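Read the structure below first, then the notes.
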Amino acid sequence: MHVPVLLDEWVDALVLDPAGCYVDATFGRGGHSRAILRRLSERGRLLALDRDPEACRVGLELAKQDARFQIRHAPFARLDAELDALGWREVSGVGFDLGVSSPQVDDAARGFSFRRPGPLDMRMDPGAGEPLTRRLRGVSERELTRIIRELGGERFAGRIARAILRAVREGRMESTADLEHVCFHAVPRAARHGAIHPATRTFQALRMWVNDELGQLRDGILAAQRRLRRPGGRLVVIAFHSGEDRLVRDLVDQAVSPCVCPPQLPMCVCGRKPSMRWVRKKPLRPSEAEVMRNPRSRSARMRVAEAVA
Ligand SMILES: C[S@@+](CC[C@H](N)C(=O)[O-])C[C@H]1O[C@@H](n2cnc3c(N)ncnc32)[C@H](O)[C@@H]1O
C-alpha cells in the first residue's frame, strides 16, 4: 500500500477551480488523484500520467468508475504531447509527487531495494531503457563516481564506484544483494553500522540515474509552466531529494525573475517578463504527526507556484 504524503496540503494548493482541468503527473496508486476528484465538480477533468505500467493498471480501473478521470502510460517529460493529444490547450493545475511508490520498492522483482533480493533493474518503466546491470557495463569509473556523489551525496563515492566496476568485470553484479554487499564492503569499517545502511545513498543515486529523474523533472516542470492557465494556474511539487527540490526551486525562480540585464543598469532593457510567482517559496514540510504516522514522509518538501498574466 502507498500512503500519500502531504495529501490535504497538496490538494488545497492545487485545486482552486472545481470545474477546471488538472494533471496529476505521478499517479502512483492514485491517493492524490482521488483527492483531486473529490474536489472536482461534474465538469472538472483530471488527466494522470505514470511511466510505471503497474500504476497505470490501477488508474485504468479508476477511469472505468469515474468518467472525469483518464490515465496515460507516459513519462511526465511528455506532458506537452499528452495534452496536445487530448486537445487541452491549458490546465488549471499540474501536481507532482516525485520519487518511487511503496509498491515499487516493495516488489523485489523491480530491483529498487537493497532490503529485498531481486534482479538489478530499477527502471520505473520496465519496457523502456536499460536495466541497471546493463547500464553499469557501459559507464566509466569517473562518471559512476560523479553520479554516486552528486545524486546520492555519498562521501565514499570513489571507493564504491571502483568496487562496483570491479564486481561488474568479475561477473558479481547481477542482483540487489550483490550491490548491497559491494557497497557495504567498499566503505571503511567504521562507516558500516551508522544510522543509515552504507548502500542507501548509492541505491538512490543509481535509481535516479537509470530513470534520468532530474532530466525528466526539468522537462516536466518546464512543460507544466508552459501549459498553465494564465493567470492563476497552479504548480505544486512534492520532492523527497534535495537535488530535485533545488531544481524545482531554480526553474521556478527563473520564471519568477527572468530578467538577464546586468545589475548596474538602472532599469530592465531585456524585456523578459515574469511568467510565474511563488505562492509558497519556503517549502512546506510534513507535520511531526504525519512523520510519526508515515516515516516515508520525513524528507518531503512541497513548493507551490502560480502562473501570472
Ligand atoms: C511517490 S509515487 C506517487 C504516489 C501517488 N501520489 C499516490 O498517492 O499514490 C511517484 C510515482 O511517480 C511515477 N513517476 C516517477 N517519475 C515519473 C516520470 N518521469 N513520469 C511519470 N511518472 C513518474 C512513479 O512511477 C511512481 O508511481
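Observations
- For the stretch 211-232, the tally of residues that are among the aliphatic types (A, V, I, L, M), part of a helix (DSSP H, G or I) and farther than 21 Å from E130 by Cα stands at 4.
- Among the conditions (1) among the hydrophobic types (A, V, I, L, M, F, W, C); (2) under 16 Å from the mean Cα position of the chain (by Cα); (3) more than 9 Å from the ligand (Cβ to nearest atom), A25 misses just one, which is (3).
- Of the residues making up the stretch 70-94, those that are of a type in the set (G, A, S) and near the ligand (Cβ under 8 Å from one of its atoms) are A74, A77.
- Once the stretch 289-305 is narrowed to residues that are among the charged types (D, E, K, R) and touching a residue at least 40 places away in the same chain (Cβ under 8 Å), the residue that is nearest to Q225 (Cα to Cα) is R303.
- Members of the stretch 187-207 that are part of a helix (DSSP H, G or I), without any contact (Cβ under 8 Å) to a residue 60 or more places away in the chain and not small (G, A, S): R189, R201, T202, Q204
- Residue in the stretch 110-120 that is within 13 Å of the ligand (Cβ to nearest atom) and at positive phi present: no
- The stretch 239-290, residues that are open to solvent by less than 30 Å² (accessible area, probe 1.4 Å) and either small (G, A, S) or not assigned by TED's automatic domain parsing to the domain that holds L14 (or both): A239, G243, A255
- Candidates V105, V168: the one that is of a type in the set (V, I, T), open to solvent by 20 Å² or more (accessible area, probe 1.4 Å) and within 16 Å of the ligand (Cβ to nearest atom) is V105.
- Test result for A128, within 16 Å of the ligand (Cβ to nearest atom), without any contact (Cβ under 8 Å) to a residue 24 or more places away in the chain, over 29 Å from D8 (Cα atoms) and surrounded by fewer than 18 Cβ atoms within 10 Å (Cβ to Cβ): no
- Residues of the stretch 27-50 satisfying the condition of being surrounded by fewer than 24 Cβ atoms within 10 Å (Cβ to Cβ) and not hydrophobic (A, V, I, L, M, F, W, C): R29, G30, G31, R34, R38, R39, S41, E42, R43, G44, R45
- Reported count of residues in the stretch 28-53, each being in contact with a helix residue (DSSP H, G or I) (Cβ under 7 Å, 6 or more places away or on another chain) and either of a type in the set (A, V, I, L, M) or more than 8 Å from the ligand (Cβ to nearest atom) (or both), is 7.
The values are calculated or read from the model by the stated rules, or taken from the named source; none is laboratory data. Everything numeric in this text was worked out from a predicted model, so none of it was measured. Using ideal geometry, Cβ is built from the backbone for each residue, glycine included, and neighbour counts are taken over all protein chains shown. Remember, those area values only see protein heavy atoms, side chains included, never the ligands or the DNA or RNA. Shrake-Rupley method; radii C 1.70, N 1.55, O 1.52, S 1.80 Å.
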